[in-house]
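To start, the structure itself, in structure tokens.
The values are calculated or read from the model by the stated rules, or taken from the named source; none is laboratory data. Every value quoted in this text rests on a predicted model; they were computed, and no experiment measured them. All Cβ positions, glycine included, derive from the backbone under ideal geometry; neighbour counts span all protein chains shown.
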Number of protein chains: 2
Amino acid sequence: MISRSKQVDKQKDILAAALKLFTEYGFHGTPTSKIAQEAGVANGTLFHYYKTKDELIIALYADIKTKLSFCIDIKPNGQESIKDIARRNYISAINWSLENPSEFRFTQQFITSPYLALVPPQIQEQSSALLDLVKEGIRAKEIKVTPPEYVAELLNSHLSAVHQYLTRAKLSQARQKQVIADSFELLWKMLS
Amino acid sequence: MISRSKQVDKQKDILAAALKLFTEYGFHGTPTSKIAQEAGVANGTLFHYYKTKDELIIALYADIKTKLSFCIDIKPNGQESIKDIARRNYISAINWSLENPSEFRFTQQFITSPYLALVPPQIQEQSSALLDLVKEGIRAKEIKVTPPEYVAELLNSHLSAVHQYLTRAKLSQARQKQVIADSFELLWKMLS
DNA sequence: GTTTAGATCGACTAATCACTCTACAAAGAT
DNA sequence: ATCTTTGTAGAGTGATTAGTCGATCTAAAC
């Protein structure tokens with residue numbers, strides 16, 4: 001067999017269906033039965049993979065986090081300065097969020113909900129790459145603002161803002177690219 | 001009778017109870033029966049004031065928005081420059097969010113949820129004061145970044161970031177005040 | 001004092017939902 | 001070929017919940 005085993009496919013289908021319905025109707029607005037239906041599996045199958053609805057929600061969050069982390073690479077690429085590395089990752093992150101609006105929307109909903117408290121620490125911590133980069137920027141005196149946690153917060157929310165703006169204002173491809181490039185310079189001006 | 005009429009008190013109690021429980025357990029995690037119980041009223045009373053649970057949730061959002069709008073005043077106070085007005089309102093908003101963490105948390109949860117789409121336009125629009133100030137700043141060439149919607153988005157998310165950071169890092173009163181003042185200068189540096 | 005309109009109560013209901021259970025199918029392993 | 005494990009199905013269930021309803025209370029109006 002060339003394709004992956006059936007199990008994995010169904011599991012992916014369930015996550016995809018859950019993502020779609022959660023972003024459209026919210027957590028409480030989407031019953032597990034609808035998720036199973038949308039995924040094309042039986043109700044019992046869903047509970048074979050995820051013991052509870054909460055577990056499914058958290059697994060979906062973890063899955064999205066993992067996918068996003070593949071876009072982030074803080075290792076220098078040739079002779080990159082810290083600013084270059086930051087720019088490259090900033091642009092990757094924005095593009096990912098624009099290409100995966102459901103994932104972005106779900107994450108926003110999730111992290112502002114009480115579900116966040118249920119996430120196991122090891123999953124929550126795995127995104128320290130950003131923090132490491134900020135720390136290095138501060139050490140190298142390219143970033144003047146401290147502490148790193150504060151900078152990371154400013155950075156994250158800046159990304160959200162740009163995503164939000166670009167989603168609402170439907171700009172041409174070229175104009176959008178320009179706004180992204182400019183917004184990074186704006187951010188960097190603030191931090192350096 | 002010195003106090004307000006009973007109706008108003010009960011209605012306020014219901015909103016307060018809903019706010020408390022929603023931020024703790026989420027929308028779907030808090031049944032209307034628990035809200036009534038927490039508010040010290042009967043189940044039927046809740047539905048006397050709000051025809052549905054959704055209506056209650058939206059009313060709570062509108063109520064919070066109104067309360068916040070009382071903190072915002074974009075009319076010049078004496079010889080204030082636009083930057084001064086912006087600073088004054090920025091600091092008011094941050095302080096309000098720190099003094100009313102539940103309201104802030106609820107709002108964050110609400111605006112990232114599908115409930116936002118259910119809000120009647122006239123309630124949603126009432127916060128154009130911020131946008132007006134930004135437009136004036138741009139016209140007066142004190143703000144270099146455009147368009148106004150983009151600036152407003154950056155501003156809002158900046159406020160969230162500072163709130164988030166200050167809530168997590170428990171700083172002394174004085175240090176906190178310093179961070180707030182500095183963060184406004186940071187923001188202004190970015191925009192001007 | 002009587003009327004009237006709204007406020008309050010809490011038992012009740014109809015529907016829904018998360019989750020279980022059992023039967024069966026598929027596919028390896030030996 | 002037989003056994004074992006794992007996946008899949010879908011009807012079923014017990015608990016929960018949003019919302020209803022009619023009775024009672026309150027207080028203001030006349």
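Looking only at residues of segment B:54-73 that are over 11 Å from the mean Cα position of the chain (by Cα) and surrounded by fewer than 17 Cβ atoms within 10 Å (Cβ to Cβ), we find that the one that is nearest to B:H28 (Cα to Cα) is B:D54. Within segment A:10-17, can one find any residue that is at pLDDT below 95 and within 13 Å of DNA strand C (Cβ to nearest atom)? Yes; the residues of segment A:10-17 include at least one that is at pLDDT below 95 and within 13 Å of DNA strand C (Cβ to nearest atom). Considering each residue of segment A:61-83 in turn, none proves to be touching a residue at least 40 places away in the same chain (Cβ under 8 Å) and within 13 Å of DNA strand C (Cβ to nearest atom). Of these, B:F27, B:F22, B:F104, which one is in the same structural domain as B:K177 (by TED's automatic domain parsing) and of a type in the set (F, W, Y)? Exactly one residue qualifies, and that residue is B:F104. Close contacts from segment B:25-42, counting a first residue that is facing chain A (nearest Cβ under 7 Å) and surrounded by 15 or more Cβ atoms within 10 Å (Cβ to Cβ) and a second that is among the basic types (K, R) and assigned to a helix (DSSP H, G or I), with Cβ to Cβ under 9 Å and a gap of 6+ residues or different chains, come to B:F27/B:K53. Among the residues in segment A:44-63, are any closer than 28 Å to A:L187 by Cβ and within 14 Å of chain B (Cβ to nearest Cβ)? Yes, some residue in segment A:44-63 is closer than 28 Å to A:L187 by Cβ and within 14 Å of chain B (Cβ to nearest Cβ).
In summary, B:I72 fulfils each of the numbered conditions (1) within 16 Å of DNA strand D (Cβ to nearest atom); (2) under 26 Å from B:I138 (Cα atoms) with the single exception of condition (1). Among the residues of segment B:63-84, those that are in a helix (DSSP H, G or I), of a type in the set (A, V, I, L, M, F, W, C) and at pLDDT below 95 comprise B:L68, B:I82.
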